[in-house]
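Here the structure comes first, spelled out in structure tokens, and everything after it is commentary.
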Amino acid sequence: MTIQHPSFGELADDRIIIFDTTLRDGEQSPGFSMNLEEKLRLAEAIAELGADVIEAGFPIASPGDFESVRAIAETVRGPVICGLARSAPGDILRAAEAIRPAERGRIHTFISTSPLHMKYKLRMEPDAVLEAVTASVTLARNHASDVEWSAEDGSRTEPDFLCRCVEAAIAAGATTINIPDTVGYALPEDLFRIFTMLRERVPGADQVVFSAHNHNDLGLAVANTVAALRAGVRQVECTINGIGERAGNAALEEIVMTLRTRPDALPHTTQVTSERILRTSRLLATITGFDVQPNKAIVGRNAFAHESGIHQDGMLKNARTYEIMTPESVGWNNSNLVMGKHSGRAAFRDKLRALGYGELGDNALNDAFRRFKELADRKKLVYDEDIMALVDDEVLRGHDRIRFVSLEVWSGSKGPARAVLEIECDGRVLGAEAHGDGPVDATFNAIRAAFPHEAKLVLFSVGAITEGTDAQAKTTVRLEEDGKMVDGQGSDTDTIVASARAYLHALNKLMVKRLRREPAALSA
């Protein structure tokens, strides 16, 4: 049965709406805060990926959240731009103001419906919650034709009450009904039962889009999403790399490729260009400083690696023996050794286009090309991963207040290491010299001397981007200040320089956090 939707018109029977909440639920992950420029860049990438809806943020949470949602609404074209709001009138009006410039906008309002949440979180009786559903959706519809309503902790809500709430939301004008598994408690059969029940029992259910938003606390988010699709859900809420509160959300890349790989069992289509998945995943990892684990489905570096002799033998005979999808279908490139020190600017620009960067501005291109030439002089072989690491390091750090300038280090087995560092802060060059127990410790002490701060180092790790002794190092630094944690990343063929870049990246993210008050308590 087709559905008329205010943002999408007549939806084909097999059409699935991809609702990306990386910028809202994903950013609630500890250490994942992004500044405005990073959010805009990621929103553009998600739009190019083909997401139908981008939940850009929670406008009432802070002035920064409001400005980022409004900026995305003003500049990003293609997807519906959505703002989250609790049932309070102030939340809804703030969301309406934030999404007003959007080509197509949506207000997403929610309230808790489970006995546990109503008693301890809301301190409201069921009848009062039911009234709030009607009032909030009615107000949202006065400001947007596209309104989504969510039953927070819906998977633990009593069936009869959930039906009453959904009926009230539809009657008040909601066009999308979302039943989240907010705490990742449900099993696939629970989600199938809940959505089947709602579609069968609630008047008007055949005229709205049902949506699933599943958390991954038991590792079942994608499995629960598949079960919801089988029960008639037409929208799935997900994030790039599965990031989100606690154990995260259902991963966009896993859902999309499940649908693409198993049309026999799930005859649905999306608008996602799967070949852009890896590029978007890596962009998010660079912005947030959090890499995906090597064995992560679809986008982990081992996802298409084969070490077992039996597997390798099968792959040599026919790749389909051990690969259910091609690496190229999600953006992996097996022939990536094509650039060197004799490559020119035009070839470099073409390579960036092929890697999904689009058109860089002249300044960004010049800076990236300069670092590429420096890298090519130091490395015999330059891989795609090397280029992506240095471009991300250069382009995405362009708006950082603190930037790396230079570093000299002396170290050995006979005495303390010494580091001489120069950084640029708000246009001023600052220098410092420090000693330490090894070159990394001396470098970090020099950063603290040049830019005094109270943040504590809680994690430092080093990995190689490619193979060989001349490989670029990719370092991660985690800093903690007043209970807030941030991760920074840096890359360079010199591990100590990469470490300094990572520390400065984390410092810049910590400065962004200082300027933003903590978001109001929410979930979905």
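All of the numbers you see were taken from the coordinates with simple rules; none came from a lab. Remember, predicted model here, so these are calculated numbers, not experimental data. Note that each Cβ is placed from the backbone with ideal geometry, even for glycine, and that neighbours are counted across all protein chains shown.
Structure above, values below:
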item: Unit charges at the beta carbon, dipole of the chain: most positive-side option, Ala389, Gly57, Thr321; result: Ala389
item: Cβ-placed point charges (K, R +1; D, E -1), dipole of the chain about Cα centre in debye, nearest 20; result: 580 debye
item: Once the Cα gyration tensor of the stretch 1-152 is diagonalised, semi-axes √(5λ) in Å; result: 25, 20, 14
item: Debye intensity ratio in log₁₀ form over the Cα atoms of the chain, taken at each q of 0.06, 0.13 Å⁻¹; result: -0.31, -1.26
item: Distance from the stretch 19-51 to the stretch 135-198 (C-alpha centre basis), Å; result: 24 Å
item: Calculated [θ] (222 nm, deg cm²/dmol) that DSSP helices of n ≥ 4 give over the chain, each run adding -39,500 (n - 2.57); result: -12000 deg cm²/dmol
item: On Cα atoms only, tilt of 159-172 relative to the major axis of the chain in degrees; result: 90 degrees
item: Label-point separation in nm, His435 to Lys456, each point 7 Å along Cα→Cβ; result: 2.6 nm
item: Degrees, to the nearest 10: 36-49 long Cα axis against longest axis of the chain; result: 70 degrees
item: Spacing of the two label points (7 Å from each Cα toward its C-beta) at Glu158 and Glu67, in nm; result: 4.6 nm
item: Listed residue (Met197, Met257, Val292) projecting farthest to the positive dipole end of the chain, Cβ model; result: Val292
item: Peptide ranges 400-410, 243-253, 424-434 listed from the most packed, as the mean C-beta count within 10 angstrom indicates; result: 243-253, 400-410, 424-434
item: In nm, spacing of pseudo-spin labels at Glu422 and Asn363 (7 Å Cα→C-beta vector); result: 2.0 nm
item: Cβ-Cβ FRET estimate between Glu131 and Arg401, R0 fixed at 45 Å, reported to 0.05; result: 0.40
item: Projected area, mean over directions - the stretch 64-129, Cα convex hull, nm²; result: 5.1 nm²
item: Cα-based shape type of the stretch 186-299, given that a ≥ b ≥ c are square roots of the gyration tensor eigenvalues and the cut on a/c is 1.5; result: prolate
item: Residues in the stretch 267-288 reached by a label modelled at Arg77 [backbone nitrogen below 19 Å; 7 Å Cα→Cβ]; result: none
item: GluC sites (Glu not before Pro) restricted to DSSP loop in the stretch 47-126 with at most 15 other C-beta within 10 Å; result: Glu103
item: Computed over the chain: relative contact order in percent, which uses C-alpha pairs under 8 Å that are six or more apart; result: 12 percent
item: Theoretical gain in end-to-end length, Thr469 to Met511 [0.36 nm per residue, Cα-Cα removed]; result: 11.6 nm
